[in-house]
Amino acid sequence: MKSKSSESEQYLSASNRITGVVVMVIGAVGLLDIVLEWRTATGLVVGSLIGILMVLAYVGLIRPSVTLSPEHLLLRNHLRDHLIPWAKVTGVDVADILRVHTADNRLRAPGVQLVMRDLRKQRVGGRKLAADSSISRADFVVGRIETYMSQYSGQSNGEVVTTWARPELTIAGVLAAIAIVAAFFR
């Protein structure tokens, strides 16, 4: 029996993840400096703001992804998750980012996106696109989703479930509350 992790495929923007990790490491160094050197109410405000910026970097750059499994398609957007049974997926395409069509809605997935440079090259038709261009990667993901649709649409039923990114929103809210309270006491 195979484990579920080996049956799942996840697609995301590697360049966004790298940028997000770099921003979060810089933020962590800033927080460490504040904890070690600046232990005042103003330091708490600044530390909270740096923490909020780190959460925003995570939400905007690291979190978005597209996960395919035999049970469902999971679109992790910036602040929401969409869990879509394969029977509900009616189509998929790529404009600037991946779009998954259901009978009721068209859900966008920024985890798979096109780079503007590749779009310009394709439009002009001059220079040839590289084999690893964002367009070929996006086309690959579209093909994988279409394959999963044909294989699992009869087995996967249910409704589309949309949930908020509660941990990220909670952390940002707590940090904002700390910053506001600390601003009153400085």
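The values are calculated or read from the model by the stated rules, or taken from the named source; none is laboratory data. Just so we're clear, the structure is a prediction, and the values are computed from it rather than from any experiment. FYI the Cβ positions are ideal-geometry reconstructions off the backbone, even for glycines, and counts take in every protein chain you see. When the accessible area is computed, the model is the full protein with side chains, heavy atoms only, and any ligands, DNA or RNA have been set aside. Shrake-Rupley method; radii C 1.70, N 1.55, O 1.52, S 1.80 Å.
Criterion applied to VAL55, VAL66, VAL92, VAL100 was being in a strand (DSSP E or B) and either closer than 19 Å to ARG166 by Cα or in contact with a Lys or Arg (Cβ under 6 Å, 6 or more places away or on another chain) (or both), and the one residue passing it is VAL66.
Give the number of residues within segment 163-179 that are open to solvent by 70 Å² or more (accessible area, probe 1.4 Å) and farther than 18 Å from MET54 by Cβ.
1
Residues in segment 94-118 that are crowded, with 20+ Cβ neighbours inside 10 Å and among the small types (Gly, Ala, Ser): 2 in all.
Residues checked against (1) among the β-branched types (Val, Ile, Thr); (2) within 23 Å of ALA172 (Cα to Cα); (3) open to solvent by less than 50 Å² (accessible area, probe 1.4 Å):
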| residue | (1), (2), (3) |
| --- | --- |
| VAL29 | yes, yes, no |
| LEU32 | no, yes, no |
| ARG39 | no, yes, no |
| SER48 | no, yes, yes |
| LEU53 | no, yes, no |
| LEU56 | no, yes, no |
| VAL66 | yes, no, yes |
| ASP81 | no, yes, yes |
| VAL92 | yes, no, yes |
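Among the residues of segment 163-186, those that are in a loop (DSSP other than H, G, I, E, B) and either under 30 Å from PRO70 (Cβ atoms) or among the hydrophobic types (A, V, I, L, M, F, W, C) (or both) comprise ALA165, PHE185. Screening segment 139-162 for residues that are assigned to a helix (DSSP H, G or I) and open to solvent by 70 Å² or more (accessible area, probe 1.4 Å) and picking the one that is nearest to ASN105 (Cα to Cα) gives GLU146. Six or more apart or on different chains, Cβ atoms under 6 Å: show the pairs whose first residue is in segment 16-38 and touching a residue at least 40 places away in the same chain (Cβ under 8 Å) and whose second is surrounded by 14 or more Cβ atoms within 10 Å (Cβ to Cβ) and of a type in the set (Val, Ile, Thr). Close Cβ pairs (under 6 Å, with a partner that is surrounded by 14 or more Cβ atoms within 10 Å (Cβ to Cβ) and of a type in the set (Val, Ile, Thr)) amount to ARG17/ILE62; GLY20/ILE62. Answer yes if at least one residue in segment 113-135 is modelled with pLDDT of 75 or more, closer than 30 Å to MET54 by Cα, of a type in the set (Gly, Ala, Ser) and assigned to a helix (DSSP H, G or I), and no otherwise. So far as segment 113-135 goes, no, none of its residues is modelled with pLDDT of 75 or more, closer than 30 Å to MET54 by Cα, of a type in the set (Gly, Ala, Ser) and assigned to a helix (DSSP H, G or I).
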